[in-house]
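Here's the structure we're looking at; comments come further down.
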């Protein structure tokens, strides 16, 4: 049993498989390494594999016609990505780029298809994953319609706190660092606007920034200001 | 065999079921009528049923804190809606309102769950449906980031032409009528902006409006201007 086995085992989508079933799956997957900054796939590529991030970090983005990067999200270890194109065999519509040196397990399209047919649990969990993403992205869409950059930024911080937050004495610490440019690319604002707004929110006591990490001090006020609803996890 | 049977039969998600299987399903569903303007569900409701629109039309929207309606989409006959909350048992996050007198088949949550386990084809098709929605909404999100109202409107018209378009001598006719306010609510603009921009686009020869129906005369130019990518249908 090699390292691939352990990476697969840790991925929630395969959570109900027996060790033997994972071992069999393991023989049908490939491992590929990507250096920081390397592109893993780009628009127009055929979605021939679903990908599981074993180590590192991946950014998923879209480049607008004016050459601006619209950041759609980050992938963290044990998460699947690019599985939608692999599922329906369509072409990639975004860029996936290693933002740290990354190790990726490739699950060929036909392997994923077979797994779904043979193991209803994989199918159910994959559906739940799609459902969760759908909900997340619908929420994001709602936050973009009719909202100011300030509200969009607060909404994003709440979203990040849900995924990366750890309660501390001062409030919810977002454990991962995000550059102002990254935040701007996610909410469709300029870097300057993000910097200014973060400064204002700090001034108002809503949050606190120390060593490039953000602590949300008053999430209740932020929730009221943005109408942020908690994301109910799809049952997996 | 009553009318419910035929409505279920026409829904693509159940496309691979035998007549006997649909008949059995039919006995577990309910039919409910809604008058034009009536709310079918609202935020906070428990997602206890997936819904199949048999007749009529349904609008799915979200109300912002300022009381603005953000229109997420329309449901047409034979389409499922509200199936995501039913799938994971979470609460509704949007409003669904009958925009015409509508007939709805309610599929209780536990019935959908059982169908997915017993019939892999239902599970696969439902997953494909989620996948398609995910792709559609990701594309919508991208169109909102860093884009002018003019580009958003063109993007929306292309999206509508994909769903409701019919080729004619003059171009692609969008067969359904949409009010300027509806279009504004989808792209997060004001009604005035939509009216003015449609006028400009007509002046430029990009489209033509006659009897409140829009014909796209130069979709190529619109695709270039917006970077609209064709939506590849999930294989169902």
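Things to note:
- Packing-based exposure ordering (other Cβ within 10 Å, fewest first) of B:154, A:116: A:116, B:154
- Mean Cβ count within 10 Å, highest first, over the residues of peptides B:40-47, B:27-34: B:40-47, B:27-34
- With label points defined 7 Å past Cα in the direction of Cβ, position residue B:113 shows copy-to-copy spacings of 3.1 nm, given to one decimal and shortest first.
- Three-way shape call for the protein assembly as shown based on the alpha-carbon gyration tensor, with the a/c threshold at 1.5: rounded
- Compared with the dominant Cα axis of chain A, that is its longest principal axis, helix A:109-118 is turned about 80°.
- Calculated mean residue ellipticity, 222 nm, chain B: -13000 deg cm²/dmol, from DSSP H runs (n ≥ 4) at -39500 (n - 2.57) each, averaged per residue and rounded to 500.
- For residue A:67, label point 7 Å along C-beta direction: distances to other copies, nm: 4.5
- Cα shape, chain A, gyration tensor, a/c 1.5 rule: prolate
- Note on the stretch A:23-152: along the principal axes its Cα atoms extend 50, 32, 25 Å, ordered by decreasing extent.
- For the stretch B:149-226, the gyration tensor built on C-alpha atoms gives a rounded shape. Its axis ratio a/c (a ≥ b ≥ c) stays under 1.5.
- Other-copy label distances relative to residue B:32, 7 angstrom Cα-Cβ extension, nm: 4.7
- Note on B:132-143: average number of Cβ atoms from other chains within 10 Å of each residue's Cβ is 6.
- Peptide B:86-96 has a mean of 4 when you count, residue by residue, the C-beta atoms of other protein chains within 10 Å of its C-beta.
- Packing-based ranking of A:143-150, B:48-55 yields B:48-55, A:143-150, ordered from highest to lowest mean Cβ neighbour count within 10 Å.
- Note on chain B: GNM, Cα springs under 10 Å; of B:65, B:181, B:208, the largest mean-square fluctuation is that of B:65.
- Burial ordering of A:212, B:59, B:191, fewest other beta-carbon atoms within 10 Å first: A:212, B:191, B:59
- With neighbours defined as other Cβ atoms within 10 Å of a residue's Cβ, the residues A:111, B:122 order from fewest to most as A:111, B:122.
Coordinate-derived values only; no laboratory data. Predicted model only: the values in this text are computed from it and were never measured. No Cβ is skipped: glycine too gets one built from the backbone with ideal geometry, and neighbour counts run over all protein chains shown.
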